[in-house]
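One structure is given here, and the rest of the page talks about it.
Here, each number is a calculation from the coordinates, and none is a lab measurement. Keep in mind it's a predicted model, so treat the numbers as computed, not measured. Here the Cβ positions follow ideal geometry from the backbone for every residue, glycine too, while neighbour counts run over all protein chains shown.
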Amino acid sequence: MRETIVTSLSSDYSKKAIKVLSGGYDAEGLIKHSEKTAIFVAFQDGKLLGTISLEGNRIRNMFVLPKLQGKKIGSKLLKYIEKFAKKRGEKTLKVRSSLTAFGFYQRLGYCKTRRGSIKLIGSVIWMKKEL
Ligand SMILES: CC(C)(COP(=O)(O)OP(=O)(O)OC[C@H]1O[C@@H](n2cnc3c(N)ncnc32)[C@H](O)[C@@H]1OP(=O)(O)O)[C@@H](O)C(=O)NCCC(=O)NCCS
């Protein structure tokens, strides 16, 4: 997660924002996060390739290793979590997208609901999809 933030988000966010964002992904924080979220990962040969999680009906932690982006790992994870959410009875999924991932979510059927700004990070785009 940290590797992807530092490498992939740097063109859209300031150095300070990258530091704040990547600082939120230490082991302790993730263990706490896992208490209220369903976390899924893509693995191959014992190596972690990508992650996604679902907190209520909100998608979080959508990350694919920089050197493996563009190989459909992200869309597989997203489609998997959409099925999981639908089975659980969710009707809509929402996501607070980075500027970086906006086009990806659009491609997968998510629509912009509003633009927002987060203190110390900057612009984000809220999006949703009916399941
Ligand atoms: C966004 C991200 C998860 C996409 O994962 P990925 O495995 O690279 O994406 P895929 O290969 O599954 O791409 C699926 C489709 O979306 C398109 N796409 C992927 N990233 C895109 C982007 N940033 N902008 C526009 N289109 C994009 C692909 O071209 C592909 O289109 P196609 O079906 O026409 O071929 C990944 O690039 C990433 O980790 N980005 C940085 C972290 C980030 O911003 N995460 C989101 C936090 S909210």
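What about Lys15, is it closer than 20 Å to Glu130 by Cα, among the basic types (Lys, Arg) and away from the ligand (no atom under 11 Å from the Cβ)? No; evaluated as a whole, the condition is false for this residue. Each residue in the range 75-94 was checked for being away from the ligand (no atom under 14 Å from the Cβ) and among the β-branched types (Val, Ile, Thr), and 1 of them qualify. Of all the criteria given as (1) farther than 21 Å from Ser11 by Cβ; (2) of a type in the set (D, E, K, R); (3) in contact (Cβ under 8 Å) with a residue 12 or more places away in the chain; (4) within 12 Å of the ligand (Cβ to nearest atom), the one not satisfied by Lys72 is (3). Pairs are defined by a Cβ separation below 9 Å, a sequence spacing of at least 6 or placement on different chains, a first member in the range 27-46 that is under 23 Å from Ser75 (Cα atoms), and a second member that is of a type in the set (D, E, K, R) and part of a helix (DSSP H, G or I); the pairs so defined are Ala42/Lys76. Per the listing Glu82, Glu3, the residue uniquely of a type in the set (Asp, Glu) and under 18 Å from Met127 (Cβ atoms) is Glu82.
Scanning the range 95-116 for residues that are more than 6 Å from the ligand (Cβ to nearest atom) and touching a residue at least 60 places away in the same chain (Cβ under 8 Å) yields one hit, Leu99.
Counting just the residues of the range 34-68 that are among the charged types (D, E, K, R) and more than 8 Å from the ligand (Cβ to nearest atom), which one comes out farthest from the chain's Cα centre (by Cα)? My answer is Asp45.
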